[in-house]
Amino acid sequence: MNISELASAFSKYVPSKSLDTCVDWIVEYKIAVRITKSRNSKYGDYRPPQGGKGHRISINHDLNKYAFLLTFTHEVAHLVTYNKHRFRIDPHGKEWKQEFKRLMTPFLKDAVFPKDLVIAINQYLNNPAASSCSDLDLMRALGKYDKRDEQWKLLEEIALNTPFRIRSGRQFIKGELLNKNFCCTCLKSKHQYVINPLTEVQPIKNLIPQQKKKTGTGS
């Protein structure tokens, strides 16, 4: 794939004003970028050269362009930090935080992001976490630019005790807020799980309660 083909393929994932920089990173560091299915626990990851393979970055396919760029830059910061320090430092320590902030700064000055996101990202960059998923204020700001089907809502938007399903198909009942997450009960196993308030859910209407199995010897 030549540079023009790479730019054309990548343009569907990132804001136009950031495209040249992203392509330059891919070419300079010889990054193999893989677009993956949605992962609830993370938006992307970085893997250093190993087994004859070079730098590898994977990003979830369903991120909006602003979330994709933020995640891609997060992972490139891991790559740059790895090149400088290898495995001698904390993966999300001060060295990575410095690189992440340095790589993000030009995007924040060049009107790549809307003003509301610039504010949210600057606040996040004061002390970036291992996963942007853990910063609820940033996730709410980014979520405004998602394209969501009206049938799907955020968990924090539905009422307490509402039954709902998540993207995997598993069904729960929304429980009380526990620290930053909701404690929800799985309808099938009755086990309780803590679920991020910004998880996309589909409320279940006209839920038919499961009937208890009858016991006895019969005739």
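A few notes on this one:
- Against the criterion of being of a type in the set (A, V, I, L, M), crowded, with 21+ Cβ neighbours inside 10 Å and either touching a residue at least 24 places away in the same chain (Cβ under 8 Å) or touching a Phe, Trp or Tyr at 6+ places or on another chain (Cβ under 8 Å) (or both), Ala67 qualifies.
- Matching residues, the range 121-137, being touching a residue at least 24 places away in the same chain (Cβ under 8 Å) and assigned to a helix (DSSP H, G or I): Ile121, Leu125, Ser132, Cys133, Leu136
- Qualifying residue in the range 174-190 (condition: under 21 Å from Ser38 (Cα atoms), in a loop (DSSP other than H, G, I, E, B) and modelled with pLDDT under 95): no
- Residues of the range 105-155 that turn out to be farther than 27 Å from Asn179 by Cα, loosely packed, with under 14 Cβ neighbours inside 10 Å and touching a Lys or Arg at 6+ places or on another chain (Cβ under 8 Å), as a count: 2
- Within the range 1-23, residues that are open to solvent by 80 Å² or more (accessible area, probe 1.4 Å) sit with their Cβ atoms under 7 Å from residues that are small (Gly, Ala, Ser), at 6+ positions apart or across chains, in these pairs: Lys17/Ala111.
- Selection from the range 156-173 of residues that are open to solvent by less than 40 Å² (accessible area, probe 1.4 Å), part of a loop (DSSP other than H, G, I, E, B) and over 23 Å from Lys42 (Cα atoms): Ile158, Thr162
The values are calculated or read from the model by the stated rules, or taken from the named source; none is laboratory data. A quick note: this is a predicted structure, and the numbers were derived from the prediction, not measured. Quick reminder, even Gly has a Cβ in these numbers, built from the backbone with ideal geometry, and neighbours come from all protein chains shown. Surface accessibility is based on the protein's heavy atoms, side chains included, excluding ligands, DNA and RNA. Shrake-Rupley method; radii C 1.70, N 1.55, O 1.52, S 1.80 Å.
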